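Student: Below you will find the structure I want to go over with you.
The values are calculated or read from the model by the stated rules, or taken from the named source; none is laboratory data. Bear in mind that the values here come from a model prediction, so they are computed numbers and not experimental data. Ideal geometry is used to build each Cβ from the backbone, glycine not excepted, and the neighbour counts take in all protein chains shown.
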Amino acid sequence: MRRMTFQPIQGRSLDIIDAILRTEETASVGDFWSKLSVVVEELVVNIVNYSQSDYIDVEILRNENSLTLRFRDGGVPFNPLEREFPDFSIPMEDRKIGGLGIYLVIQYMDTVAYEHTGGENILTVTKELKTK
């Protein structure tokens, strides 16, 4: 398991995203890498922009069958899984802004779980990886 801690500073999201995606654990996910990039970007940007936390702690667990990322922050309690998802039956220009990113996270990952415990938001995402 790899653990990384960052300061969620406005304007530094790309540095955090890049650091996570350059780890050996995430860089070796094959064809899933582009979708993983979307997942990591969505979660990091939301924490940096909205959590009001002074840290982001990321745990990465990789084995031959799966990749798990656990994001922890000490910010305002917020369960992204309780957000309303976009209504795709409404034309894009008439939809409310928001919700598409977490919708994509849920679509791309096999499991997504949220808990608020010990004063922390903890979002855990897992992807089962196909072995060759």
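Student: Filter the range 38-71 for residues that are farther than 17 Å from ARG3 by Cα, in contact with a helix residue (DSSP H, G or I) (Cβ under 6 Å, 6 or more places away or on another chain) and not β-branched (Val, Ile, Thr) and give the result.
Tutor: Residues satisfying the conditions are GLU41, GLU42.
Student: Looking only at the range 44-94, filter to residues that are charged (D, E, K, R), more than 13 Å from the chain's Cα centre (by Cα) and at pLDDT 95 or above; which one of those is nearest to PRO8 (Cα to Cα)?
Tutor: Taking the candidates together, the pick is ASP54.
Student: Would you mind listing the strands (runs of 3 or more DSSP E) fully within the range 1-91 where at least 2 residues are crowded, with 19+ Cβ neighbours inside 10 Å and in contact (Cβ under 8 Å) with a residue 40 or more places away in the chain?
Tutor: Numbers: elements: 2-6, 56-62, 66-73.
Result: 56-62, 66-73.
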